[in-house]
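**Q** Let me begin by handing over the structure; questions about it come next.
The values are calculated or read from the model by the stated rules, or taken from the named source; none is laboratory data. What you see is a predicted model, and the numbers here were worked out from it, not measured in a lab. When we count neighbours, we look across all protein chains shown, and the Cβ atoms used for this are built from the backbone with ideal geometry, even at glycine.
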Amino acid sequence: MELMDTQITGRVWTVGDAVSTDAMYPAFAMQLPLPEAARHVFYQLRPGWTEQVRPGDIVVAGRNFGLGSSRPVAELFRLLGVAALVAEEFNSLFLRNAINHGLPALTAPGARAAFTDGDTARLDLAEGWIENTGTGTRLSAGALPPMVLGILAAGGILPKLAHEGYLRLPART
Amino acid sequence: MGMTVIERILARRAGLAEVTVGQTVVCEVDMTVLIDLQFATMWTPPLRISDPDRVAIVMDHAVPAPTVGDAAGGVKAREFAREFGVSRFYDVGRHGICHQVIAENGLARPGELLACTDSHTCAAGAYNTAARGLGPAEVYAILCTGTTWFQIAPTIRYEFTGTRPDTVSGKDIFLHLAGTYGDATNHNLEYGGPGLASVPMHDRRTIATQGAEVSADFSTFPADEVCRSFIARQTPGAADWTAADPDPDAAYADVRTVDLSALEPQVARPGSVSRNSLPVSAIERRRVDQCFIGSCANGQLEDLAIAAAVVSGRRVADGVRLLVTPASQAVYREAMRAGYLQTLADAGAVITNSTCGACFGYHMGLLGPGEVCLTSSTRNFTGRMGSPEAEIYMASPATVAASALTGRITDPRSEWN
């Protein structure tokens, strides 16, 4: 298993509480190829957002982030280049999806109030903290257990399975 | 320290004497259920899998295939089932919404662990099964390895007392709980108490299913006499499973006592079910454009029976569409034999193929801008069933059927035949 840099720094986008999977990966987008589907994340909540988000950005959400379906929203965030998800509280299915798709996700109570759009966040997945580099506010966050960091280090559960000989993975788009 | 139902099952499958909240465990999974969507996106055939006898495939979300992409997924599902010898393959014709198919075919057994690609997999908690929805990548991993990991979450217990009135369904009980107590994010839900005996299995399944809407991890019910006789009827044969009961000294994050006899039909307002429902007597008598009875939560035979009883001999109001989706092909056939479908269609309902279609706004029964829907399905989230400018209210099949007759959200007790 390759070692992973557990620190991530990126520009912040904020969303509110209870943003559901229907708001991130609507049914009509499920009929599209993944790169096209990714253009509809937050289609109603923040129209035009997928044109503004840049690789390396971080999404900071409120409570109960990702309530809803098992549809792999995390894959869309990855295609948009989002480097990490941070929330006051995650729906556990959504959190697992993120990890399994190789997208770091950190639970940080107080995060929503500590950031506004355009701020820069620095976080550490293994040590469990997130910092607003502009204001200096630093919050403790739930550090990810080693098993979860192992999945992230492999780039997600499918690359991990491929490494273990369960499948041959096509080149990632 | 004693264990809750979910702690007992996860400890058992992790090969541990006990587990405690916060602990991360690796569990052997008894049954892994793949759905059609799994094959339509991101499917790569595995080189080897753990055990084809612990796998089932259910075609449900997009059947018969509405798009070429979904049809291509079907091709891959059939190839996979053939190549790996998966005999539990519920293809179009013996299909249904996976949670109904799981129940009909005894795939969820008391005291065991079940994983499936759909978020409403917690439905099988009605049968004392530790069941939860997992993403397609994780379900694929379980298919390969036979195991996955869980972090033991705290459990909230609902202790039912009193006797459920006949006019109050599982949907009404759930909407009352969701409306009163709100979300249970990162918690398990456990149901029990002396009042539970008055809650039949189909209502328990509605309640267990909708744990997803309050963001819970697992929902579980005990394997009491009502549950055991259901399983014996549904899947006759050796009951070679071991049920999981909670210990008397199990630790709960909260114990909430609910008197079922005091409840009345409930309606959730659009947007969320959490802290967003009211008794039907207190809700606005909003006009409705579409009424929907179906889904894993409320497309069961008993749901169609009650809807048929409400509309029998009457007509759906002008300007209202009533859609009815049986939860499985088996339910469809049984409801046809029993005359429920005839009664519903005579009243003006459209009976659809068994699928998840309308519930998740994928391939039929979508809503247009400005429309109002009253649904008995699983989610009233913005944009769930089509236009984000539509409003989705949620209620029991009886309330939906009664409202289809009047064209306004209506107390079913006033329209009961």
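**Q** Quick check on my filter: what residues within the stretch B:95-114 are outside any loop (DSSP other than H, G, I, E, B) and surrounded by 24 or more Cβ atoms within 10 Å (Cβ to Cβ)? Can you show your working first?
**A** So in the stretch B:95-114, the residues outside any loop (DSSP other than H, G, I, E, B) come out as B:96, B:98-104, B:113-114.
B:G96, B:C98, B:H99, B:Q100, B:V101, B:I102, B:A103, B:L113, B:L114, listed by residue number.
**Q** Follow-up question, since we're still on this one. Can you confirm whether A:L139 is within 24 Å of B:L47 (Cα to Cα), touching a helix residue (DSSP H, G or I) at 6+ places or on another chain (Cβ under 9 Å) and more than 12 Å from chain B (Cβ to nearest Cβ)?
**A** Values: within 24 Å of B:L47 (Cα to Cα): no; touching a helix residue (DSSP H, G or I) at 6+ places or on another chain (Cβ under 9 Å): yes; more than 12 Å from chain B (Cβ to nearest Cβ): yes.
Here the answer is no, as A:L139 does not meet what is asked.
**Q** Moving on to the next point. What are the residues in the stretch B:346-381 that are within 16 Å of B:R286 (Cβ to Cβ), within 14 Å of another protein chain (Cβ to nearest Cβ) and in a loop (DSSP other than H, G, I, E, B), if any?
**A** B:N380
**Q** Then there's this: Can you tell me which residue within the stretch B:213-230, out of those that are of a type in the set (D, E, K, R) and away from every other protein chain (no Cβ under 14 Å), is nearest to B:G179 (Cα to Cα)?
**A** Keep residues of the stretch B:213-230 that are of a type in the set (D, E, K, R), which gives B:213, B:217, B:224-225, B:228.
Filter again for away from every other protein chain (no Cβ under 14 Å), leaving B:224-225, B:228.
Details: B:D224: 27, B:E225: 29, B:R228: 30 Å.
So the residue we want is B:D224.
**Q** Then there's this: Examine the stretch A:109-123 for a residue that is farther than 19 Å from B:T24 by Cβ and in contact with a helix residue (DSSP H, G or I) (Cβ under 7 Å, 6 or more places away or on another chain), and state whether such a residue exists.
**A** Initially, the stretch A:109-123 is screened for residues farther than 19 Å from B:T24 by Cβ, giving A:109-123.
If we keep only those that are in contact with a helix residue (DSSP H, G or I) (Cβ under 7 Å, 6 or more places away or on another chain) as well, we get none.
For the stretch A:109-123, residues farther than 19 Å from B:T24 by Cβ and in contact with a helix residue (DSSP H, G or I) (Cβ under 7 Å, 6 or more places away or on another chain): absent.
**Q** A further question follows. Among (1) within 21 Å of B:R12 (Cβ to Cβ); (2) within 19 Å of the chain's Cα centre (by Cα); (3) within 13 Å of chain A (Cβ to nearest Cβ), where does B:A126 come up short?
**A** If we test B:A126 against (1) within 21 Å of B:R12 (Cβ to Cβ); (2) within 19 Å of the chain's Cα centre (by Cα); (3) within 13 Å of chain A (Cβ to nearest Cβ), just (3) comes out false.
**Q** Right, here's the next one. Can you spot a residue in the stretch B:65-81 that is part of a strand (DSSP E or B) and either crowded, with 21+ Cβ neighbours inside 10 Å or touching a Gly at 6+ places or on another chain (Cβ under 6 Å) (or both)? Walk me through how you get there before you give the answer.
**A** Taking the stretch B:65-81 and keeping what is part of a strand (DSSP E or B), we get none.
Scanning the stretch B:65-81, I find no residue that is part of a strand (DSSP E or B) and either crowded, with 21+ Cβ neighbours inside 10 Å or touching a Gly at 6+ places or on another chain (Cβ under 6 Å) (or both), so the answer is no.
**Q** Also: In this structure, is B:P246 in the same structural domain as B:L374 (by TED's automatic domain parsing), surrounded by 14 or more Cβ atoms within 10 Å (Cβ to Cβ) and not small (G, A, S)? Can you show your working first?
**A** Numbers: in the same structural domain as B:L374 (by TED's automatic domain parsing): no; surrounded by 14 or more Cβ atoms within 10 Å (Cβ to Cβ): yes; not small (G, A, S): yes.
Considered against the rule, which asks whether it is in the same structural domain as B:L374 (by TED's automatic domain parsing), surrounded by 14 or more Cβ atoms within 10 Å (Cβ to Cβ) and not small (G, A, S), B:P246 comes out as no.
**Q** Could we say that B:D36 is closer than 21 Å to B:C116 by Cβ, assigned by TED's automatic domain parsing to the domain that holds B:Q151 and crowded, with 24+ Cβ neighbours inside 10 Å here? Talk me through it step by step, then tell me what you get.
**A** Details: closer than 21 Å to B:C116 by Cβ: yes; assigned by TED's automatic domain parsing to the domain that holds B:Q151: yes; crowded, with 24+ Cβ neighbours inside 10 Å: yes.
When the stated conditions are applied, B:D36 passes them.
**Q** Go through the stretch B:1-53 residue by residue and tally those that are without any contact (Cβ under 8 Å) to a residue 40 or more places away in the chain and β-branched (V, I, T).
**A** Quick first cut of the stretch B:1-53, residues without any contact (Cβ under 8 Å) to a residue 40 or more places away in the chain only: B:11, B:14-18, B:40, B:43-45, B:47, B:52-53.
Next cut, β-branched (V, I, T) only: B:44.
Qualifying residue count for the region: 1.
**Q** A follow-up question, please. Kindly state which helices (runs of 4 or more DSSP H) lie completely within the stretch A:42-100 and contain at least 3 residues that are away from every other protein chain (no Cβ under 13 Å) and either small (G, A, S) or surrounded by fewer than 24 Cβ atoms within 10 Å (Cβ to Cβ) (or both). Show your work before the answer.
**A** On the way: elements: A:49-52, A:73-79, A:92-100.
Result: A:49-52.
**Q** Among the residues that make up the stretch A:26-44, is at least one of them closer than 26 Å to A:G150 by Cα and either of a type in the set (S, T, Y) or touching a Phe, Trp or Tyr at 6+ places or on another chain (Cβ under 7 Å) (or both)?
**A** no
**Q** Being assigned to a strand (DSSP E or B) and touching a residue at least 12 places away in the same chain (Cβ under 8 Å) is the requirement here; does A:R122 meet it?
**A** When the stated conditions are applied, A:R122 passes them.
**Q** Let me ask you something else. Among the residues of the stretch B:386-412, what is the count of those that are outside any helix (DSSP H, G or I) and touching a residue at least 40 places away in the same chain (Cβ under 8 Å)? Lay out the reasoning, then the answer.
**A** Taking the stretch B:386-412 first, the residues outside any helix (DSSP H, G or I) are B:386-396, B:407-411.
When the remaining residues are screened for being touching a residue at least 40 places away in the same chain (Cβ under 8 Å), the result is B:391-396, B:407-411.
Selection size over the stretch B:386-412: 11.
**Q** Just to be sure I understand the filter: pairs with C-beta atoms under 9 Å, separated by 6 or more residues or on different chains, first member in the stretch B:239-262 and more than 29 Å from B:D166 (Cα to Cα), second member among the hydroxyl-bearing types (S, T, Y) and surrounded by fewer than 18 Cβ atoms within 10 Å (Cβ to Cβ). Which pairs pass?
**A** Listed pairs, sorted by first residue: B:A251/B:T20.
**Q** Among (1) touching a Pro at 6+ places or on another chain (Cβ under 9 Å); (2) in contact (Cβ under 8 Å) with a residue 40 or more places away in the chain; (3) surrounded by 22 or more Cβ atoms within 10 Å (Cβ to Cβ), where does B:N353 come up short?
**A** Of the numbered conditions (1) touching a Pro at 6+ places or on another chain (Cβ under 9 Å); (2) in contact (Cβ under 8 Å) with a residue 40 or more places away in the chain; (3) surrounded by 22 or more Cβ atoms within 10 Å (Cβ to Cβ), the odd one out for B:N353 is (3).
**Q** Those residues that are closer than 20 Å to B:N105 by Cβ, in contact with a His (Cβ under 7 Å, 6 or more places away or on another chain) and within 11 Å of another protein chain (Cβ to nearest Cβ), I need them from the stretch B:47-86; list them, please.
**A** Within the stretch B:47-86, none qualify.
**Q** Of everything in the stretch B:247-261, what is under 20 Å from B:S169 (Cβ atoms) and in contact with a Gly (Cβ under 7 Å, 6 or more places away or on another chain)? Give them in sequence order. Lay out the reasoning, then the answer.
**A** Start the filter on the stretch B:247-261 by keeping residues that are under 20 Å from B:S169 (Cβ atoms), which leaves B:256, B:258-261.
Answer for the stretch B:247-261, where residues must be under 20 Å from B:S169 (Cβ atoms) and in contact with a Gly (Cβ under 7 Å, 6 or more places away or on another chain): B:D259, B:L260, B:S261.
**Q** On the given criteria, is B:L134 of a type outside the set (G, A, S), touching a Ser or Thr at 6+ places or on another chain (Cβ under 8 Å), more than 14 Å from chain A (Cβ to nearest Cβ) and under 21 Å from B:I97 (Cβ atoms)?
**A** On the way: of a type outside the set (G, A, S): yes; touching a Ser or Thr at 6+ places or on another chain (Cβ under 8 Å): yes; more than 14 Å from chain A (Cβ to nearest Cβ): no; under 21 Å from B:I97 (Cβ atoms): yes.
It is false that B:L134 is of a type outside the set (G, A, S), touching a Ser or Thr at 6+ places or on another chain (Cβ under 8 Å), more than 14 Å from chain A (Cβ to nearest Cβ) and under 21 Å from B:I97 (Cβ atoms).
**Q** Then there's this: Go through the residues of the stretch B:42-54 one by one and say whether even a single one is surrounded by fewer than 20 Cβ atoms within 10 Å (Cβ to Cβ) and of a type in the set (S, T, Y).
**A** Looking for residues that are surrounded by fewer than 20 Cβ atoms within 10 Å (Cβ to Cβ) and of a type in the set (S, T, Y), one finds at least one in the stretch B:42-54, hence yes.
**Q** Shifting gears a bit: Given the criterion more than 26 Å from B:S215 (Cα to Cα) and either outside the structural domain of B:F221 (by TED's automatic domain parsing) or surrounded by fewer than 20 Cβ atoms within 10 Å (Cβ to Cβ) (or both), identify the matching residue among B:R256, B:R275, B:R333. Walk me through how you get there before you give the answer.
**A** Details: B:R256 fails: more than 26 Å from B:S215 (Cα to Cα); B:R275 fails: more than 26 Å from B:S215 (Cα to Cα).
Of B:R256, B:R275, B:R333, the one residue that is more than 26 Å from B:S215 (Cα to Cα) and either outside the structural domain of B:F221 (by TED's automatic domain parsing) or surrounded by fewer than 20 Cβ atoms within 10 Å (Cβ to Cβ) (or both) is B:R333.
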